[in-house]
Amino acid sequence: MSRLVLGVVGTLLLAWTVLVGSDSWVNAHRLAEGPENESSLYRNYDPEPVIKRFRYERENYGRGNYSGASQLVKSIHHSQGFTPSFTMQANRERELLNSLREDIMLRLRMPGMTVTTINNAVDGGFTYKYTTENGGGSISVQAPVRKTTVRRYPVPSDLDDVEFTIALEEMWTRPGSETQWWMAAVN
């Protein structure tokens, strides 16, 4: 009976060690969020210089940003976004979108980046999908929408309050130089 108990306890201890050990191994080899696994577009993109040229300076503006990452062993998924809201001259939304498009295309022409797909929305918004040496991603710009803002004073009729969203999504994978056994070990 004591051999049976020792066998069961030994088997359970071995199973627990394998489970905890493999989980620790996976966590120790998980990709970490950081500049070494982000494209230059993701690291450096800020739409503010373009938006500043269109923003009516005598009015308030808002700027919401978010960023995050989900970390895995084989890859890391980055997401970041900007939600500016501001007052601008009426009927300049297309001009704003064209300026953002030019700014983003300039950044996507950097060495190591290739634009794979361009999607243009009817309302003027757009999405660019791209690849990099170790992954790829997309950047989407929604067309500005007019936003109702409550003020204590009237706004001149040639101004509009607008809001829109710019979203970046990027998947970064381990370099191709990683050994086959590494990738097979985490399957």
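The values are calculated or read from the model by the stated rules, or taken from the named source; none is laboratory data. Keep in mind it's a predicted model, so treat the numbers as computed, not measured. With ideal geometry, Cβ positions are generated from the backbone for all residues, glycine too; neighbour counts draw on all protein chains shown. Note: accessible area is taken over every heavy atom of the protein model, side chains too, but ligands, DNA and RNA are not part of it. Shrake-Rupley method; radii C 1.70, N 1.55, O 1.52, S 1.80 Å.
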**OP:** Describe numerically, in nm with one decimal, the distance between label points set 7 Å from Cα along Cα→Cβ at R3 and at D103.
**Re:** 7.7 nm
Original post:
Quick one: how many Å² of S2 are accessible to a 1.4 Å probe, rounded to 10?
Top reply: 80 Å²
Original post:
Over all Cα pairs of segment 37-152, how is the pair count split among 10 Å bins, expressed in % and running from 0 up to the last occupied bin?
Top reply: 11, 41, 32, 13, 3, 0
**OP:** Using a 1.4 Å probe and ignoring any ligands, DNA or RNA, find the accessible area of E102 and quote it in Å² to the nearest 10.
**Re:** 130 Å²
**OP:** Return the distance in nm (one decimal) between the two label points of a simple spin-label model at T148 and D46, each offset 7 Å from Cα along Cα→Cβ.
**Re:** 3.5 nm
Original post:
With each label point set 7 Å from Cα along the Cα-Cβ vector, what nm distance links S79 and T131?
Top reply: 2.5 nm
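Tell me the carbon and sulfur percent of the accessible area for segment 68-129, rounded to whole percent, probe radius 1.4 Å.
Taking all protein chains in place, segment 68-129 shows 50 percent carbon and sulfur surface.
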**OP:** Would you mind working out the accessible area per residue for segment 62-118, using a 1.4 Å probe, and quoting it in Å²?
**Re:** 51 Å²
Original post:
What FRET efficiency, computed as 1/(1 + (r/R0)^6) with R0 = 25 Å and r the Cβ-Cβ distance, is obtained for Y66 and V155, rounded to the nearest 0.05?
Top reply: 0.30
